[in-house]
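This report refers to the structure that appears directly beneath it.
The values are calculated or read from the model by the stated rules, or taken from the named source; none is laboratory data. Worth saying up front: this structure is predicted, and the values here are computed from it rather than measured. Positions of Cβ are backbone-derived with ideal geometry, glycine not excepted, and every protein chain shown enters the neighbour counts.
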Amino acid sequence: MAGKPTPWCYAVDIHAPTETIHELDCAAGGCDEPLRTWGNRLLECVMRREFRRRRMTRHLFLSFAYGDA
């Protein structure tokens, strides 16, 4: 297909396991913290940093999904 690329050709989906669930420790947590969060901030930070570092992947949009979906 010739012409302009669609915007979605610049999106990258990164799927990670659900084992990255973090539960609140009642002794250490505060009242304003969520009881449970999903995600992996370290993974997202490293992937975004590495994609920005390389000129060929700097323009890509990273989308993170956690679980079996």
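Starting from the range 54-69, take each residue that is closer than 9 Å to residue 14 by Cα and list its partners that are modelled with pLDDT of 80 or more and assigned to a helix (DSSP H, G or I), counting only C-beta distances under 9 angstrom and pairs at least six apart or across chains. Matching pairs, first to second residue: 62/44; 62/47; 62/48; 62/51; 64/43; 64/44; 64/47. Kindly indicate the residue of the range 1-42 that is of a type in the set (Ser, Thr, Tyr) and either in contact with a Leu (Cβ under 8 Å, 6 or more places away or on another chain) or surrounded by 10 or more Cβ atoms within 10 Å (Cβ to Cβ) (or both) and also modelled with the highest pLDDT among those meeting that condition. The residue in question is 10. Which one is modelled with the highest pLDDT among residues in the range 43-69 that are surrounded by fewer than 10 Cβ atoms within 10 Å (Cβ to Cβ) and in contact with a helix residue (DSSP H, G or I) (Cβ under 9 Å, 6 or more places away or on another chain)? For the range 43-69, the residue satisfying everything is 59.
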